[in-house]
Amino acid sequence: MEKFDVTIIGSGPGGYVAAIRCAQLGMKTAIIERYPSLGGTCLNVGCIPSKALLDSSEHFYNAAHNFKTHGIDLKDLRVNFSNMIGRKEEVVKQNTEGIRFLMKKNKITVFIGHASFLSKNSLEIKGKDESTIIESAKIIIATGSKPATLPGIEIDKKRIITSTEALKLTEIPGNLIIIGGGVIGLELGSVYARLGTKVTVVEFTDSIISTMDRSLGKELQKVLRKEGFEFFLGHKVTGVSTKGKEVTIKAVNEKGETINLKGDYCLVAVGRRPYTDNLGLEKVGVKVDAKGKIVTDDHLQTNVSGIYAIGDVVNGVMLAHKAEEEGVFVAEIIGGQKPHINYNLIPGVVYTWPEVASVGATEEQLKVAGRKYKTGSFPFKASGRARASMDTDGFIKVLADEATDEILGVHMIGPRAADMIAEAVVAMEFRASAEDVARMSHAHPTYSEAMKEACLDATGKRALHI
Ligand SMILES: Cc1cc2nc3c(=O)[nH]c(=O)nc-3n(C[C@H](O)[C@H](O)[C@H](O)COP(=O)(O)OP(=O)(O)OC[C@H]3O[C@@H](n4cnc5c(N)ncnc54)[C@H](O)[C@@H]3O)c2cc1C
C-alpha cells in the first residue's frame, strides 16, 4: 500500500494550492480528484469559464453599442455562439492542463477517483474500473461545494438549470429568469443580457448583491437596468414548473401579491452547499455543522487530529482566493510554520461591467458596531481616464476611522474594479490611513486616481477633480 505524508481530497483552488505548498515544503504528497479534469469548480465550471464568457459577451456588447461612438462602423455583426462556447472550453482546457503540469513539476501523485475515509489515516479511491487504498499521515479535505436549490424546486438541468449548465447552453435564451440576485446570477445574467437575452432577476431580499455595501447594489442595479435587466426584489419564489420548452416561475411579495414569470430557461443561483457526499466522514467521526460545513479550529484542523479542511467545504466566504489562502495556511501549519490569514481582508468581486469590488467593513457593519467613521467618495464620471474609455458609471467609496483616519473599508463599482481593489487590500494590510493613500502618486490618467481622490475626500480635504 502506498504511503504519503499528506493527501489532499479535491483538486480545486484550495486543494491544488495546498498540494503544491506541501510538496514545496518537502512532504510526499498525493491529491485525489473524482473528475479526470483537475482544478475543481473554479477552473472547470466556475471562475474561469464564467470570466471567459463575460469577456466574449462584453466584446460583442461593445461592438454592438459602443464602437460607433468610438468611430468604428461594423456591418453584419452577429454572435457565433458555438464558437464562443468552444473558446471558453479551450480556455478551461489550457488552465486545467496547467494544473496537471504543476502537479507533475512538484512530483505530486495524482489519483483520479472518488475518495472516502476508511480510517483517519487511510482512504479508498474508487476509480472507473478499479479501487486503490492509500495511507497518509495527514489528510486535507478540500472537496468544495455544489449548487444549492430551494425547497420544492427540482433542477432538471435542461430548462431549470444551475450555473454549470448555464455555462454550456447550446442556444442563446430568448428569456432567462434568474432566481437569486447574487454574484453568480448577475454575472451569468450579464453574459446573456449582452447577447440579447431578456433577463429577469427574482430576489428574496430587497437588494441585489445584498452582502456587499448597500451603495454598490443600488448603483449596479441602475446600470444593469440600462442593459435591459428587469428586477423583482423582495419576492419569494414559491414554485417553478416546465411545460415543453417553457418555464413558469411563481413568486410572491411581502404584500402577498403573486407574479407569474415565463421564460425559456430558469437559472437557480441561490448559493452553494458544501460537498461531502460519500466521503465517509461518519466513519472517522469528523463533525459537520447544521449547514453541512466541516467544523474546524483556528488551525483549520477538524475535531479529528491530523485531518484538516479548507475552502468552500468549511466556514467563510465561498471564494477561490480564500480557498487558496487556506491551502497555503494548512500546508505551512503541517510543515511546522506559523502562517496567518487576515479574513477581514479577503476581497469580494462581481465581474459584471462595471465591475464591483469590496474589502473590509461595509457602512452597514460599521453602523451596527457603533464605530465612528468618515466617508470619502469619487465618481468615475469625474475621471479623465474613465471619460476617455466611456466607462463613467460608478464610484469608489472609502470608509475611514473618524479619529485615526485608518481605512476600514473600500467599496468600488467601476471599470477594472476587480484589479483596483488590490490597492485597497495592500493599504489596509499595512493599516494605512486615508491620508497615506491620498498622498501617494497615482499615474495619470488611470482609473486608480479615483482611489486617491476618494481617500482625499475621506480626509476632509476634498477631492481635487470634482
Ligand atoms: C459560476 C461560478 C463562478 C465563480 N466565480 C468565482 C470568481 O470569479 N472568483 C472566486 O473567487 N470564486 C468564484 N467562484 C467560487 C469558486 O469556484 C469556489 O469558491 C472555489 O472553487 C472553491 O474551491 P475549493 O478548492 O474549496 O473547492 P472546489 O473548487 O469546488 O473543488 C473541489 C474538488 O473536490 C472534488 N471532490 C469532491 N469530493 C471528492 C471526493 N470524495 N473524492 C475526490 N474528489 C472530490 C470535486 O470534484 C472538485 O473538483 C465561482 C463559482 C461559480 C459556480
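The values are calculated or read from the model by the stated rules, or taken from the named source; none is laboratory data. Everything numeric in this text was worked out from a predicted model, so none of it was measured. Cβ atoms come from the backbone with ideal geometry, glycine included; neighbour counts cover every protein chain shown. These area figures cover heavy atoms from the full protein model, side chains too; ligands, DNA and RNA do not enter into them. Shrake-Rupley method; radii C 1.70, N 1.55, O 1.52, S 1.80 Å.
What to note about this one:
- Count of the stretch 334-345 residues which are open to solvent by less than 30 Å² (accessible area, probe 1.4 Å) and either outside any loop (DSSP other than H, G, I, E, B) or modelled with pLDDT under 95 (or both): 1
- Elements of the type helices (runs of 4 or more DSSP H) sitting completely within the stretch 1-65 and holding at least 2 residues that are in contact (Cβ under 8 Å) with a residue 12 or more places away in the chain, more than 8 Å from the ligand (Cβ to nearest atom) and open to solvent by 30 Å² or more (accessible area, probe 1.4 Å): these cover 13-24, 47-65.
- Here Asn83, Asn121 are screened, and the one residue that is over 17 Å from Ala18 (Cβ atoms), more than 14 Å from the ligand (Cβ to nearest atom) and in contact with a strand residue (DSSP E or B) (Cβ under 8 Å, 6 or more places away or on another chain) is Asn121.
- Only one of the numbered conditions (1) assigned to a helix (DSSP H, G or I); (2) under 30 Å from Ser57 (Cβ atoms); (3) away from the ligand (no atom under 15 Å from the Cβ) is violated by Lys104, and that is (2).
- Whichever residue in the stretch 202-218 is assigned to a loop (DSSP other than H, G, I, E, B) and either of a type in the set (A, V, I, L, M, F, W, C) or over 17 Å from the mean Cα position of the chain (by Cα) (or both) and, among such residues, is nearest to Lys236 (Cα to Cα): Phe204
- Of residues in the stretch 175-201 being touching a strand residue (DSSP E or B) at 6+ places or on another chain (Cβ under 7 Å) and over 27 Å from Pro151 (Cβ atoms), the one most open to solvent (accessible area, probe 1.4 Å): Lys198
- Annotation for the stretch 310-321: at least one member residue is within 16 Å of the ligand (Cβ to nearest atom) and of a type in the set (S, T, N, Q).
Here's the yes/no breakdown for (1) outside any strand (DSSP E or B); (2) at pLDDT below 95:
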position: Asn95; (1), (2): yes, no
position: Gly152; (1), (2): yes, yes
position: Lys157; (1), (2): yes, no
position: Pro173; (1), (2): yes, no
position: Thr200; (1), (2): no, no
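- Test set (1) within 14 Å of the ligand (Cβ to nearest atom); (2) touching a helix residue (DSSP H, G or I) at 6+ places or on another chain (Cβ under 7 Å) - Asn342 fails condition number: (1)
- When Ile184, Ile249, Ile259 are screened for being touching a His at 6+ places or on another chain (Cβ under 9 Å) and either away from the ligand (no atom under 16 Å from the Cβ) or in a helix (DSSP H, G or I) (or both), only Ile259 passes.
- Count - residues of the stretch 441-466 that are over 22 Å from Tyr373 (Cα atoms) and either buried (at least 17 other Cβ atoms within 10 Å of the Cβ) or modelled with pLDDT of 95 or more (or both): 9
- Matching residues in the stretch 346-369 - criterion: being more than 16 Å from the ligand (Cβ to nearest atom) and in a strand (DSSP E or B): Gly360
- Members of the stretch 245-274 found to be surrounded by 16 or more Cβ atoms within 10 Å (Cβ to Cβ), in contact with a Lys or Arg (Cβ under 8 Å, 6 or more places away or on another chain) and either within 30 Å of Leu123 (Cα to Cα) or basic (Lys, Arg) (or both), listed by number: Arg272, Arg273, Pro274
- Only a single item in (1) at positive phi; (2) open to solvent by 30 Å² or more (accessible area, probe 1.4 Å) is not met by Glu406, and it is number (1).
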